[in-house]
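Trainee: What follows is a single structure, and I will ask about it in a moment.
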Amino acid sequence: MGNIVAVGKFIMHGVSKLVGMISQTVEIEPGTKTKKSKPAVVFIHGFAMDGITTWQFQVLSLAKDYAVYVPDLLFFGGSTTDKPDRSPEFQAECVAKGLRMLGVERCTLVAFSYGGMVGFKMAELYPDLVESMVVTCSVMALTRSITNASLERLGFKCWSDYLLPDSVKGVRNIFEIATYKFPHLPDWIYKHYLEVMFERRKESEELLAALVPTRRQRNSKVNREDRPSCSHGRTICLQQGTQEISLFSVKRKCARSVSKLCKHLNSIV
């Protein structure tokens, strides 16, 4: 029997084509813009899946009325780079440049988990591109205190122990912790998922390590007051009330950071 996750991804791509989605590889170089007649919606995935696997149902629902873009972040899907930078800022820059290449001038970002941190960086660095955001299960940026508190509650020593499993049990843990009432699945499905979704472990570990910058890296960043502000846009943060990873202190810091633009809801809609 073939790998059911790989077959499922193949089917997802096929169904997406039926509603007008096409797969494109964009080399980040200056390109030609084209006008878009539909409002652009950009979906940014989390750490455990690539773009189309995460957002398949949203794509099918919105493709008729919106210009939908589902990028694979670097080292997910077919995206790669020979640059050493693994930071969320670099991910944001690559997504923004790719969208510009495809003619996107303004967009709404919909982001989940790790993608939320990339999305917030996009809004910070490219306020002319990001018109509004919907973010779920994320924070604006990971700090050492948020990381320590979250890992202690989850029972892991580091993010890679949680997000880069090497066993069926580890894959099951990801879904059971990160979702609400995840349905029971047989172990062979988790095994197939493990075989397909964690091929670039070295690069993935580097991405996770870059989420919490060192003191030297923080000091080398441009002063935030000199950066463009994203506070002009509309941001809705969705937090799942029963999700263990969403600590109250994290929610409170996120709310302060977006200065009343972020509305905390009790459930995902």
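Trainee: Can you work out which of the residues in segment 139-177 that are of a type in the set (Asp, Glu) and closer than 22 Å to Glu203 by Cα is surrounded by the most Cβ atoms within 10 Å (Cβ to Cβ)?
Mentor: Asp161
Trainee: Go through the residues of segment 67-85 one by one and say whether even a single one is open to solvent by 20 Å² or more (accessible area, probe 1.4 Å), within 18 Å of Val135 (Cβ to Cβ) and in contact with a strand residue (DSSP E or B) (Cβ under 6 Å, 6 or more places away or on another chain).
Mentor: Yes; the residues of segment 67-85 include at least one that is open to solvent by 20 Å² or more (accessible area, probe 1.4 Å), within 18 Å of Val135 (Cβ to Cβ) and in contact with a strand residue (DSSP E or B) (Cβ under 6 Å, 6 or more places away or on another chain).
Trainee: Any residue that is under 30 Å from Ile189 (Cα atoms) and at pLDDT 95 or above - is there at least one of those in segment 118-127?
Mentor: yes
Trainee: Could you please let me know if Ala149 is in contact (Cβ under 8 Å) with a residue 40 or more places away in the chain and touching a Gly at 6+ places or on another chain (Cβ under 7 Å)?
Mentor: no
Trainee: Scan segment 196-213 and report the pairs whose first residue is over 9 Å from Leu163 (Cβ atoms) and assigned to a loop (DSSP other than H, G, I, E, B) and whose second residue is open to solvent by 60 Å² or more (accessible area, probe 1.4 Å) and modelled with pLDDT of 90 or more, with Cβ atoms within less than 6 Å and a gap of 6+ or a chain change.
Mentor: From residues that are over 9 Å from Leu163 (Cβ atoms) and assigned to a loop (DSSP other than H, G, I, E, B), the pairs are Val212/Arg144.
Trainee: Now for a different question. Check Tyr114, Tyr180 and return the single one that is in contact (Cβ under 8 Å) with a residue 60 or more places away in the chain and either open to solvent by less than 30 Å² (accessible area, probe 1.4 Å) or in contact with a helix residue (DSSP H, G or I) (Cβ under 7 Å, 6 or more places away or on another chain) (or both).
Mentor: Result of the check over Tyr114, Tyr180: Tyr114.
Trainee: To continue, here is another question. Which condition from (1) open to solvent by 60 Å² or more (accessible area, probe 1.4 Å); (2) in contact with a Leu (Cβ under 9 Å, 6 or more places away or on another chain) is the one that Cys107 breaks?
Mentor: (1)
Trainee: Let me ask something else. Could you list, ordered by first residue, the pairs with Cβ atoms under 6 Å in which the first is in segment 34-60 and modelled with pLDDT under 90 and the second is open to solvent by less than 40 Å² (accessible area, probe 1.4 Å) and among the acidic types (Asp, Glu), at least 6 apart or interchain?
Mentor: none
The values are calculated or read from the model by the stated rules, or taken from the named source; none is laboratory data. This one's a predicted model, so the numbers in the text were calculated from it and none came from an experiment. No Cβ is skipped: glycine too gets one built from the backbone with ideal geometry, and neighbour counts run over all protein chains shown. Heads up: the accessible areas ignore ligands, DNA and RNA and are worked out on the full protein's heavy atoms, side chains in. Shrake-Rupley method; radii C 1.70, N 1.55, O 1.52, S 1.80 Å.
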